[in-house]
Amino acid sequence: MNTLKITINPLDKRSKIRREIYSNFSEHLGRCIYDGIFVGKDSDIPNIEGYRKDVIEAFRQIKLPVLRWPGGCFADEYHWMDGIGELSVRKKMINTNWGGVVEDNSFGTHEFMRFCELVGCEPYISGNVGSGTVEELAKWVEYITFDGISPMADLRKKNGREKPWKLKYLGIGNESWGCGGNMTPEFYCDNYRRYATFCREYSGNKLFKIACGPSADDYNWTDVCMKNIGAWGMQGLSLHYYTVPTGNWEHKGSATEFSEEEYYDTISRTSYIDTLITRHSGIMDRYDPQRKVGLIVDEWGTWYDVEPGTNPGFLYQQNTMRDAIVAAINLNIFNAHSDRVFMANIAQAVNVLQAILLTEGNVTVKTPTYHVFDLYKEHQDAELIYSHVENNTAYGNIPCISHSASIAENGTVTLTLSNCSLDKEFSADIGAAFGEISTADGRILTGEVHALNTFDHPENVTIKPFGVKTENGRAAVVIPPCSVMAVTITLK
Ligand code: AHR
């Protein structure tokens, strides 16, 4: 067995891991909203006011901080006024991006904001810049947040909501370099400034405005946005990066049937997000050395070929232990960059891409990715502390063990570790610099790399308790191949 030495230093606090790093994204795409979140009050599926009960409970369990909506590409064709008022008068539209299906607008602003209330998460609304107008977005903000007499506040009241909601996160355009309008960065920035100016802060509501940032390694986009908008007018700049195992968008590879080589390619491609964040942050540092503008990784995760027999426009894919390892690596990387990464939203919440939940009829399955969010939830709002793995064996250029550690206000340390190797087991000796470990408990998610949860076997891959030995102020764990674990440590 390979041996490792892991050192944590609870005195070496780096940056706050904002809970928003553990956020999700929900788009009007396939069965994410309809079926996945919203089934309607008359459904036989257990629901609260039409929202799936099991989905609400699952989101609450992982303390979901923020949910982004209504897209994605859908956002830049969405006209929010079509989704308010009596159901019978709501306009139907074609969802041109995702399968050309009819969108009946039965899930609109009120439904989304209510869902967030039930889950206990903050809403993040992505505004239409591509095919909308400044007036339309400005009025949406007024409708949601203004507590007074105005045409939009009056309309909201007429539609049954007397008091405004709070709205913090506002995205100004999505992928404006692509599906959101195919703009140049200069043109986008000029537009951003117009939109941002007229999205007012009403009735004490503070907006956190997020500009459309780069796709993957488009460093010029970041540079232009920082130069032309910068800390003057944005609080966040988004970054989108998807992990496509083959690197070929025409043949992305199957979610469930993949070779060892494809697995390690997936891990290598997903780890590349570390380089992307480092380089985009470097550019941002030149304009914003105090790191006031957050990098908002509001779309990330694996993207495979759709499950055979499903609508290609619905992006429905299964989720295995490979996805759990991907999630663990990404979340550790976001933690490591938490001085710049203020939020991250996995794509997507239910039934789409690297979903944390899959639904079919009455049944909701928690995917291996969901369980990683559960394992990592104690990092939320804790302080990132120094952690180091000595003797970390690498597979190619990928270290087997990915790690991060944080300390909560009550002094409890959470150490998350994942082992991406498919054949190496590690025996790890954990010690605290300037301190002694008093107690340590573990929880683990492990399985054969193709292992998954199905509607017939929803508990095939789940979190198990895991023994951690403590002796002489140190802790010892065995880290199996293809595993993700969280070790909760108290110090003397
Ligand atoms: O998440 C699916 C799509 O990927 C989103 O709609 C878009 O923003 C991105 O290209």
Item to complete: Compute the long axis of helix 260-271 from its Cα atoms, compare it with the longest principal axis of the Cα atoms of the chain, and write down the angle in degrees, 0 to 90, nearest 10.
Response: 60
Item to complete: Go through the chain and flag any cysteine with no other cysteine's C-beta closer than 4.7 Å, please.
Response: Cys32, Cys116, Cys121, Cys189, Cys199, Cys212, Cys225, Cys400, Cys420, Cys482
Practice prompt. Please report Leu11, Leu170 as a ranked list, fewest other C-beta atoms within 10 angstrom at the top and most at the bottom.
Written response: Leu11, Leu170
Worksheet entry | Footprinting exposure proxy for Cys116, Cys179 (fewest neighbouring C-beta atoms within 10 Å first) | Cys179, Cys116
Worksheet item: For the stretch 343-380 and the stretch 453-492, what is the separation of their Cα centres, given in Å?
Response: 19
Worksheet, complete the sentence: Amide H contacts under 5 Å for Phe38, restricted to residues at least 5 apart in sequence or on another chain and with H modeled in the peptide plane, are Arg52
Discussion item. Using only the alpha-carbon atoms, how far is helix 134-145 inclined from the longest principal axis of the chain? Give it as 0 to 90 degrees, nearest 10.
Written reply: 70
Discussion item. As I understand it, the dipole of the chain uses +1 on the Cβ of Lys and Arg and -1 on the Cβ of Asp and Glu, about the Cα centre. Which of Pro123, Ile45, Leu358 lies farthest toward its positive end?
Written reply: Pro123
Worksheet item: Under the classification rounded if a/c is under 1.5, otherwise prolate if a/b is larger than b/c and oblate if not, where does the stretch 388-492 fall, given a ≥ b ≥ c as square roots of the Cα gyration tensor eigenvalues?
Response: oblate
Worksheet entry | Burial ordering of Phe434, Phe208, Phe187, Phe373, fewest other beta-carbon atoms within 10 Å first | Phe434, Phe187, Phe208, Phe373
Worksheet entry | Cα gyration tensor shape of the stretch 58-191, rounded if a/c is under 1.5, else prolate or oblate by comparing a/b with b/c | rounded
Fill in: Angle between the chain longest axis and helix 321-336 axis [Cα atoms, degrees, rounded to 10]
80
Discussion item. Under 8 Å for C-alpha pairs, at least 6 residues apart: give me the relative contact order for the stretch 1-145, rounded to a whole percent.
Written reply: 23
Worksheet item: Rounded to the nearest 5, what is the percent of antiparallel bridges among the DSSP beta bridges in the chain?
Response: 60
Worksheet item: Can you give the relative contact order of the chain as a percent, counting alpha carbon pairs under 8 Å and 6+ residues apart?
Response: 19
Worksheet entry | Long pairs among Lys377/Lys464; Lys63/Lys366; Lys53/Lys366; Lys166/Lys366; Lys63/Lys163; Lys53/Lys91, criterion Cα-Cα beyond 18 Å | Lys166/Lys366; Lys63/Lys163; Lys53/Lys91
Worksheet item: With the Cα gyration tensor of the stretch 17-125 giving a ≥ b ≥ c as the square roots of its eigenvalues, does the rule (a/c under 1.5 for rounded; else a/b larger than b/c for prolate; else oblate) give rounded, prolate or oblate?
Response: oblate
Worksheet item: Given +1 on the Cβ of Lys and Arg, -1 on the Cβ of Asp and Glu, and no further charges, what dipole in debye does the stretch 134-226 carry about its Cα centre, rounded to the nearest 20?
Response: 700
Response to the item:
Calculated from DSSP helices alone, with each H run of at least 4 adding -39500 (n - 2.57) and the total divided by the residues of the chain, [θ]222 nm to the nearest 500 comes to -7500 deg cm²/dmol
Worksheet item: Dipole of the chain, Cα-centred, from +1 at each Lys and Arg C-beta and -1 at each Asp and Glu C-beta, to the nearest 20 debye?
Response: 1580
Worksheet item: By per-residue mean of other Cβ atoms within 10 Å, what is the highest-first order of 190-203, 148-161?
Response: 190-203, 148-161
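Rule-based calculations on the coordinates, nothing more; no lab input. Given the structure is predicted, the values throughout are model-derived calculations rather than measurements. We place every Cβ from the backbone using ideal geometry, glycine too, and count neighbours over all the protein chains shown.
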